[in-house]
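The values are calculated or read from the model by the stated rules, or taken from the named source; none is laboratory data. Remember, it's a predicted structure, so these values are computed and weren't measured experimentally. All Cβ positions, glycine included, derive from the backbone under ideal geometry; neighbour counts span all protein chains shown.
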């Protein structure tokens, strides 16, 4: 057994232990691990900036009209909050899907770029999702991160070091330029628009005025926005609304209140678009969550 397979085996054992009682857990802030014993139905949610790894099995993610498949040899990198539809496509009881999702700390990323003097290219944005190669070094860093659960007294000292190492490993991978883009993208016109929509998702935003606000022509704005996110600005805002509505429903809000809080004026339109995105009505989704049916809600 080579070192890659050895550390992968150790990670599988650790995550299987962590997910004995629940299929999805977050044992360390920013890190989520999961287990699935069968392929899943498509599940829609907002995927934050970070890295997704299938330690065992495989998962398919749809962004806009493009599919990305990550498996034991390929990780998925996202550089901003993206509305995706994902499903586990390789899993069984004997060989379950074992996954981890780690949200990248932007402060650490920016600090490392400055410290290590990584080359910053021009602010030309590409798609905010890509695939990279999983290495022994990347897996081993996550193994050591999870091993800290056995020595909680060391967590405050060693966790920041390991988080920095993971970020460095990713920066020095072939996806390093994407991470540099991630750190610098806050300054770009398109990312200013993305952040504006995130802050004003429940308002009626005029996209022509938004384009003017960030200093772009309407046609250029739409072209660059879709190049980054895979969807139009209006679709992005709509999915932000729906994901926030789902969060409110899971927190105990009723359907009408959730719809109006996120900016919908028509309850029937809200229900129709909610079902189209999540595959289930808002009332049924909330009811099943309270009854303990988590499969559609969690990664």
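Restricting to segment 220-234, name every residue that is in contact (Cβ under 8 Å) with a residue 60 or more places away in the chain and either surrounded by 22 or more Cβ atoms within 10 Å (Cβ to Cβ) or within 18 Å of residue 61 (Cα to Cα) (or both).
Hits for segment 220-234 are 226, 227, 228, 229, 230, 231.
Which of the residues that make up segment 44-56 are under 24 Å from residue 242 (Cβ atoms) and touching a helix residue (DSSP H, G or I) at 6+ places or on another chain (Cβ under 8 Å)?
First, the residues of segment 44-56 that are under 24 Å from residue 242 (Cβ atoms): 44-50, 52.
Hits for segment 44-56 are 44, 45, 46, 49.
State yes or no: is residue 86 within 17 Å of the chain's Cα centre (by Cα), part of a strand (DSSP E or B) and under 27 Å from residue 273 (Cα atoms)? Walk me through it before giving the result.
Numbers: within 17 Å of the chain's Cα centre (by Cα): yes; part of a strand (DSSP E or B): yes; under 27 Å from residue 273 (Cα atoms): yes.
When the stated conditions are applied, residue 86 passes them.
If a residue has to be closer than 13 Å to residue 96 by Cβ and exposed (fewer than 15 other Cβ atoms within 10 Å of the Cβ) to count, how many in segment 18-30 make the cut?
Residues that pass the stated criteria total 1.
Within segment 200-218, is even one residue surrounded by 15 or more Cβ atoms within 10 Å (Cβ to Cβ) and under 15 Å from residue 82 (Cα atoms)? Don't jump to the end; show me each part of the working.
So the first thing to find is which residues in segment 200-218 are surrounded by 15 or more Cβ atoms within 10 Å (Cβ to Cβ), and the list is 201-202, 205, 207, 210-211, 213-214, 216.
Among the residues that remain, those that are also under 15 Å from residue 82 (Cα atoms) are: 201.
Looking for residues that are surrounded by 15 or more Cβ atoms within 10 Å (Cβ to Cβ) and under 15 Å from residue 82 (Cα atoms), one finds at least one in segment 200-218, hence yes.
Can you name the number of the only condition in (1) more than 29 Å from residue 19 (Cα to Cα); (2) touching a helix residue (DSSP H, G or I) at 6+ places or on another chain (Cβ under 8 Å) that residue 199 fails?
Answer for residue 199: the failing condition is (2).
Could you please give the count of residues in segment 60-82 that are more than 17 Å from residue 104 (Cα to Cα) and in a strand (DSSP E or B)?
Count: 11.
Please determine whether any residue of segment 33-48 is surrounded by 15 or more Cβ atoms within 10 Å (Cβ to Cβ), in contact (Cβ under 8 Å) with a residue 60 or more places away in the chain and closer than 18 Å to residue 140 by Cβ.
Scanning segment 33-48 turns up at least one residue that is surrounded by 15 or more Cβ atoms within 10 Å (Cβ to Cβ), in contact (Cβ under 8 Å) with a residue 60 or more places away in the chain and closer than 18 Å to residue 140 by Cβ.
For residue 15, indicate whether it is in the same structural domain as residue 163 (by TED's automatic domain parsing), part of a helix (DSSP H, G or I), buried (at least 21 other Cβ atoms within 10 Å of the Cβ) and in contact with a helix residue (DSSP H, G or I) (Cβ under 9 Å, 6 or more places away or on another chain).
Yes, satisfied.
Just checking, how many residues over segment 173-189 are part of a helix (DSSP H, G or I), over 19 Å from the mean Cα position of the chain (by Cα) and buried (at least 16 other Cβ atoms within 10 Å of the Cβ)? First the steps, then the outcome.
Of the residues in segment 173-189, the ones part of a helix (DSSP H, G or I) are 176-187, 189.
Then drop every residue that is not over 19 Å from the mean Cα position of the chain (by Cα), which leaves 187, 189.
Restricting the remaining residues to those that are buried (at least 16 other Cβ atoms within 10 Å of the Cβ) gives 189.
So the count comes out to 1.
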